[in-house]
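One structure is given below, encoded as C-alpha cells.
The values are calculated or read from the model by the stated rules, or taken from the named source; none is laboratory data. Here the structure is a predicted model, which means the values were calculated and not measured. Reconstructed Cβ throughout: ideal geometry from the backbone, glycine too, with neighbour counts over all protein chains shown. The area values use the complete protein model at the heavy-atom level, side chains included, leaving out ligands, DNA and RNA. Shrake-Rupley method; radii C 1.70, N 1.55, O 1.52, S 1.80 Å.
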Amino acid sequence: RARAAPQSRGQSNYNPIFEFDGECENQRCRMVVTSVTGHLMELDFKPPFNKWHSCAPVELFSAPVERRVPADKEPLKAQLEAQARRARVLVLWLDCDAEGENIASEVAEVCVGANARLRVLRARFSSLGEPALRRAARALRQLDRNVSDAVAARSELDLRSGAAFTR
C-alpha cells in the first residue's frame, strides 16, 4: 500500500524511478521500480538492405536483419543498465500476454548485459487489484522464452513481408 513519489528522473525523461521498502521472496528488500514505453528494441535490415531501392523485393526474404535499441530509447537503456548494476534480482511486471513476454525478454537482455549475475524473474497477473498483485509477487517464475521467440519470429516475418510488398 505504500505510495512512493518519484525518487529521480533517471536518464529517461518518460520513465521515472520509484524506490520503497518491500518484500521479495519472503525477504525485506529495497524495491526500485521504473517502466518501459513499449518495445525497447527494433528490428531492421542490415545495410545496404535497409534502403528503399537497395535490392529486389524478393531478396528481403533472406536479407540479414539486426535487433537494436533505437536512438530515442538509448536514455531508457542507460537507465535500465544503471539500475541493473545495483540490483541482485530483476522482477519483470509487464503485460501478461505474448507481446509483454517479448518486451520483458528485451528488458532482461539489456539488464543482464549490464549485470551478468542478475537473477531474472517474471510476475504473472491478471488484474491490478492488490490481492492479484500480492499473489503474483509470491509466485514469481522464469521468463517463457518460447512465447518471446514466437513474437520475435512473427515480428521478423512482418518486417520481411511488409517491406517486400511495399517496396
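Within the listed set 83, 142, 27, the residue fluctuating most in the Gaussian network model of the chain (springs between alpha-carbon atoms under 10 angstrom) is 27. Among 129, 100, 22, the largest mean-square fluctuation in a Gaussian network model of the chain (Cα springs under 10 Å) belongs to 129.
Taking Cα centre as origin and charging only the Cβ of basic (Lys, Arg, +1) and acidic (Asp, Glu, -1) residues, the dipole magnitude of the chain rounds to 640 debye. Across all Cα pairs in region 1-138, the calculated P(r) in 10 Å bins from zero up to the longest distance comes to 11, 34, 32, 13, 8, 2 percent per bin. Near residue 97: Cβ cut-off under 14 Å, other residues only, Lys/Arg at +1 and Asp/Glu at -1. The net charge is -1. Leaving out ligands, DNA and RNA, and with a 1.4 Å probe, what % of the accessible surface on the chain is carbon or sulfur? Of all accessible area on the chain, carbon and sulfur atoms account for 52 percent.
Would you mind checking region 133-167 for residues with the amide N under 16 Å from a putative spin-label position 7 Å along Cα→C-beta of residue 55? Backbone N within reach: 156-167. Looking at region 1-149, the DSSP beta bridges with both ends there are about 75 percent antiparallel. Residue farthest toward the positive end of the dipole of the chain, with Cβ of Lys/Arg at +1 and Asp/Glu at -1: which of 166, 40, 17? The one lying farthest along the dipole's positive direction is 17. Dividing the mean sequence gap of close Cα pairs (under 8 Å, 6+ apart) by how many residues the chain holds gives a relative contact order of 20 percent.
Looking at the chain, the accessible area is 63 square angstrom per residue; that uses a 1.4 Å probe and ignores ligands, DNA and RNA. If you run the Gaussian network model on the chain, springs between alpha carbon atoms under 10 Å, then out of 114, 56, 82 the most flexible one is 56. Among 20, 49, 61, the order of accessible area from largest down is 61, 20, 49, computed with a 1.4 Å probe on protein heavy atoms.
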